[in-house]
Each structure stands twice: as C-alpha cells, then as structure tokens.
Amino acid sequence: QVQVVESGGGLVQAGGSLRLACAASGSIFSIGTMAWHRQAPGKQRELVGFFYSGGVTNYADFVKGRFTISRLYAGNTVALQMNSLKPEDTDVYYCSANVDDNDYWGQGTQVTVSS
C-alpha cells in the first residue's frame with residue numbers, strides 16, 4: 001500500500017512563513033499528481049494547489065502569489081512553501097498522491113496563524 005505523511009506545521013505570526021513537506025512511500029510505480037488541500041472544523045476540504053507530473057503547478061486563487069509547491073528531490077516528496085500567511089490560513093493541511101489512478105491521503109498537519 002501507499003503511505004502519505006505531511007510535516008512542518010506549527011504556529012506562526014501573521015505575515016510569516018512556513019514550509020510543509022509531503023512524502024509518499026510504499027508500492028509506488030508511478031505518481032501522476034500530488035496535491036495540497038486544507039480543511040477547517042465544520043467546513044469542506046478545499047484545494048490549495050496541484051503539482052502535476054512533469055512539474056506543472058496550479059493554485060487556488062486565495063493562495064496565488066503567496067504559496068508555492070515544488071519537488072524537493074528526485075522521488076516522491078513535495079514541499080508547500082507558504083509566505084505572507086494570514087489568520088484565515090489557519091487550517092489542517094492535507095497532502096495527497098495519485099498512484100495508478102488511486103488517491104492516497106495523509107493525516108494532515110496543523111497550521112495556526114496568529115494576529
């Protein structure tokens with residue numbers, strides 16, 4: 001099976017930065033897309049951005065110009081660099097990996113932005 005693990009969450013002041021990491025491991029032959037989502041209590045999970053095979057990225061409007069998704073090293077690891085953080089960015093952030101047309105999700109990492 002495939003395991004997805006996020007790391008790097010924490011507490012930061014408004015205007016600050018955090019870098020999250022996502023690693024996928026297990027029975028992986030090919031990953032088509034990796035993605036970041038976020039979810040607040042009582043709300044639906046929303047898309048933050050996609051990292052497509054080949055390195056192309058796409059972002060939700062509310063993070064454009066502030067967040068960047070990139071591949072850390074050859075393999076199955078991506079990073080979410082978050083700059084100019086706002087209190088409304090406070091959420092649990094989830095990483096997912098599409099492996100052989102199946103989506104695998106991590107448990108999430110908490111990001112809290114204070115003002």
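Structure summary
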| quantity | calculated |
| --- | --- |
| DSSP loop trypsin sites (Lys or Arg not before Pro) with at most 16 other Cβ within 10 Å: longest gap in the chain | 67-115 |
| Alpha-carbon spread of the stretch 76-115, three principal axes, descending order, Å | 42, 16, 12 |
| Cβ-based net charge around G16, under 13 Å, with every Lys or Arg adding one and every Asp or Glu removing one | +2 |
| Computed over the stretch 21-80: relative contact order in percent, which uses C-alpha pairs under 8 Å that are six or more apart | 34 |
| Relative contact order computed over the chain (Cα-Cα under 8 Å; 6+ residues apart), in percent | 37 |
| Accessible area of the stretch 40-94 belonging to carbon and sulfur atoms, whole % at 1.4 Å probe | 50 |
| Karplus-derived 3J(HN,Hα), 6.51/-1.76/1.60, for each residue of the stretch 59-72, Hz, glycine and proline x | 10, 5, 4, 6, 10, 4, x, 10, 10, 9, 9, 8, 8, 6 |
| Local net charge near G106, Cβ-Cβ under 15 Å (Lys/Arg +1, Asp/Glu -1) | -1 |
| Volume per residue of the C-alpha convex hull in the chain, rounded to whole Å³ | 97 |
| Cβ charges +1 (Lys, Arg) and -1 (Asp, Glu), total dipole of the chain, debye | 300 |
| Where the chain is the region considered: accessible area per residue in Å², 1.4 Å probe | 55 |
| Dipole of the stretch 1-72, positive direction: furthest Cα of Q39, L18, Y52, with charges on the beta-carbon | L18 |
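The values are calculated or read from the model by the stated rules, or taken from the named source; none is laboratory data. All values derive from a computational prediction rather than experimental measurement. Methodologically, a virtual Cβ is constructed for each residue, glycine included, from the backbone with ideal geometry; neighbour enumeration extends over all protein chains shown. SASA here: full protein model, heavy atoms, side chains in, ligands and nucleic acids out. Shrake-Rupley method; radii C 1.70, N 1.55, O 1.52, S 1.80 Å.
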